[in-house]
Amino acid sequence: MRKFALALGPFVFAAGCATPIPQPIDGYVAGPVGAALAGLAAPSAIAGVPQAEQAVEPVVVARLSSTAAGVLSSDAAASPPGAEVAQVAFQDAVDASPVDDSRREGPSADRGLVLEELESLAFGNHPAIGEQQARIAALHGQWVQAGLPPNPTAQYEAEEIGVDDAAGLHSLSLGQTLVTGNKLALRQSVIAAEIRRAEANLAADRMRVRTDVRRAFTAALVAQRRLELSERLLEIAELSTESVSQMLAAAEVSRVELLQAQNEAQQSELAVETASAALAGARRQLAAVVGVPQLPPERLAGELSTELEPIPYDAALAELIAASPELADRAAAVERARRSLRLACAQVTPNLNFQAGAGYDAGSDDTYGQVQVSLPIPIVDRNQGNTRRFRSEISAASLALQRTELSLGNRLADTLQQYETARLRAKRLEQEILPRAEETLELSRTAFEVGETSYLQLLTAQRSLFQSQLEMLAAVEQARQAAAMIDGFLLQGSLLETSFSAAVE
């Protein structure tokens with residue numbers, strides 16, 4: 001119980017909180033979040049705006065392996081006149097892995113836009129990070145202002161002017177309000193807790209930026225790879241059309257096969273145009289989350305690995321609870337409400353108004369001194385409304401902390417389910433479906449070369465392989481984006497406006 005007493009003449013005033021202030025939430029003061037709260041700077045320790053680099057960013061464990069997928073190959077076989085070109089084309093389709101880009105040569109193999117460079121660029125250019133840093137700087141200014149005592153006052157007073165033709169009484173005095181109850185330090189402690197909340201929001205925004213960049217980079221990398229597969233399919237379709245034309249001239253196929261080959265080439269052109277538009281859109285989205293008008297023209301450099309490891313739910317949840325910026329923000333809100341209650345209790349203590357001065361009586365040619373002390377008497381208004389308010393805010397903030405923890409577990413379960421589904425799908429495609437599709441294409445090609453099957457069956461096998469490669473890309477993309485969400489503490493949406501409360505009475 002906190003009490004104070006001030007005696008002045010016959011008056012004695014006593015005030016305080018009749019009920020103890022609620023203590024911190026168990027499990028959060030002793031844990032990592034509580035440790036962060038324990039580092040709340042004392043009012044006298046905050047001297048200026050901290051550097052942005054001093055904001056603690058949670059350590060993130062990479063989930064995805066960087067091992068590239070293997071490239072399958074097949075043996076060449078003899079072919080009739082006009083089929084040599086088609087054989088090479090179909091062989092390229094078998095060798096083209098949907099996720100491995102290590103066989104590309106030329107200048108782009110040694111340089112390109114890598115994820116690490118884009119992340120660094122985003123941290124330096126994204127407006128969300130700069131916005132939170134400006135909010136922290138504003139709160140530091142508010143902290144300084146909250147600790148300043150009231151200014152002294154100067155007063156000149158003249159009385160009885162003209163009475164009995166006298167010049168009257170003239171006095172000059174200085175006054176000062178003395179803030180009692182340690183209220184200035186308590187006000188600063190409330191804003192210090194708000195600064196901690198702002199720092200948690202800054203860490204959360206950095207996580208959002210990184211997650212958005214990684215997800216957008218993965219989407220653009222997949223779109224780039226999908227365009228490359230579509231371009232290879234178009235090359236195959238054009239070579240196949242040329243090959244079938246030669247075989248038609250040799251009376252080895254009918255005109256139906258030529259029409260089918262021409263139709264396949266046109267569909268491949270449409271697929272290339274669609275993939276090109278998708279890549280352009282993905283690069284624009286990537287530029288937006290990086291915080292730049294547009295990306296350099298270089299191609300993206302990265303791997304789409306299919307070696308995805310399972311992520312245990314319990315371990316991921318423990319890491320999330322220990323280092324989530326969302327929980328740090330909620331815990332700081334609880335601490336802020338506790339400090340606000342302490343301030344509300346201290347505000348019951350009245351401030352003292354002192355005034356002292358000297359005067360001159362022109363009528364008697366005497367000088368005199370004067371002293372005045374005043375203070376409000378807390379009889380009706382004992383700040384009981386605010387004390388009730390902040391006790392309720394402590395309960396609300398504590399329940400919000402618990403709700404956020406449950407929400408994190410729920411969101412983690414959903415994201416982890418998406419990751420596991422995509423991982424298993426990619427594994428099945430790589431180990432079973434793609435090898436069968438490649439073998440089917442090889443058998444169909446061999447049978448077509450010796451005239452045992454139609455060109456339509458060969459096209460069907462080619463389309464099946466291409467579709468399986470696209471499904472492999474989609475599965476890897478879904479898995480990597482889900483992994484980015486887990487590594488980023490389930491935070492995304494850096495371009496969305498987030499709520500921020502920094503009101504301190």
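For the structure I just gave you, tell me whether Arg463 is under 41 Å from the mean Cα position of the chain (by Cα), closer than 21 Å to Thr241 by Cβ and free of Cβ contacts under 8 Å to residues at least 12 places away in the same chain.
It is true that Arg463 is under 41 Å from the mean Cα position of the chain (by Cα), closer than 21 Å to Thr241 by Cβ and free of Cβ contacts under 8 Å to residues at least 12 places away in the same chain.
I need the full set of residues from region 285-314 which are without any contact (Cβ under 8 Å) to a residue 12 or more places away in the chain and in a helix (DSSP H, G or I), in order please. Spell out how you get there, then give the answer.
Applying the first criterion (without any contact (Cβ under 8 Å) to a residue 12 or more places away in the chain) to region 285-314 yields 287, 293-294, 297, 312, 314.
Those that are without any contact (Cβ under 8 Å) to a residue 12 or more places away in the chain and in a helix (DSSP H, G or I): Ala287, Asp314.
Each row is one residue, and each column tells you yes or no for (1) basic (Lys, Arg); (2) under 30 Å from Arg197 (Cα atoms).
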{"position": "Arg339", "(1), (2)": "yes, yes"}
{"position": "Leu343", "(1), (2)": "no, yes"}
{"position": "Pro350", "(1), (2)": "no, no"}
{"position": "Asn353", "(1), (2)": "no, no"}
{"position": "Tyr360", "(1), (2)": "no, no"}
{"position": "Asp365", "(1), (2)": "no, no"}
{"position": "Arg382", "(1), (2)": "yes, yes"}
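Of Leu317, Leu258, which residue is in contact (Cβ under 8 Å) with a residue 12 or more places away in the chain and touching a Ser or Thr at 6+ places or on another chain (Cβ under 8 Å)?
After ruling out the rest, the residue left standing is Leu258.
So that you can scan it fast, the table gives a plain yes or no per residue for (1) part of a helix (DSSP H, G or I); (2) in contact with a Phe, Trp or Tyr (Cβ under 6 Å, 6 or more places away or on another chain); (3) within 30 Å of Ala204 (Cβ to Cβ); (4) touching a residue at least 24 places away in the same chain (Cβ under 8 Å):
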{"position": "Thr349", "(1), (2), (3), (4)": "no, yes, no, yes"}
{"position": "Phe354", "(1), (2), (3), (4)": "no, no, no, yes"}
{"position": "Ala358", "(1), (2), (3), (4)": "no, no, no, yes"}
{"position": "Ser364", "(1), (2), (3), (4)": "no, no, no, no"}
{"position": "Gln372", "(1), (2), (3), (4)": "no, no, no, yes"}
{"position": "Arg391", "(1), (2), (3), (4)": "yes, no, yes, yes"}
{"position": "Ala400", "(1), (2), (3), (4)": "yes, no, yes, yes"}
{"position": "Thr404", "(1), (2), (3), (4)": "yes, no, yes, yes"}
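Give the residues of region 409-465 that are loosely packed, with under 15 Cβ neighbours inside 10 Å and not in a helix (DSSP H, G or I), sorted by residue number.
Hits for region 409-465 are Val450, Gly451, Glu452.
For region 261-275, what are the residues that are touching a Leu at 6+ places or on another chain (Cβ under 6 Å) and of a type in the set (Ser, Thr, Tyr)?
The one that is touching a Leu at 6+ places or on another chain (Cβ under 6 Å) and of a type in the set (Ser, Thr, Tyr): Ser268.
Among what's in region 486-505 and is among the acidic types (Asp, Glu) and exposed (fewer than 13 other Cβ atoms within 10 Å of the Cβ), pick the residue that is modelled with the highest pLDDT.
Glu497
The values are calculated or read from the model by the stated rules, or taken from the named source; none is laboratory data. Every value quoted in this text rests on a predicted model; they were computed, and no experiment measured them. Don't worry about glycine lacking a Cβ; one is built from the backbone with ideal geometry, like all the others, and counts go over all protein chains shown.
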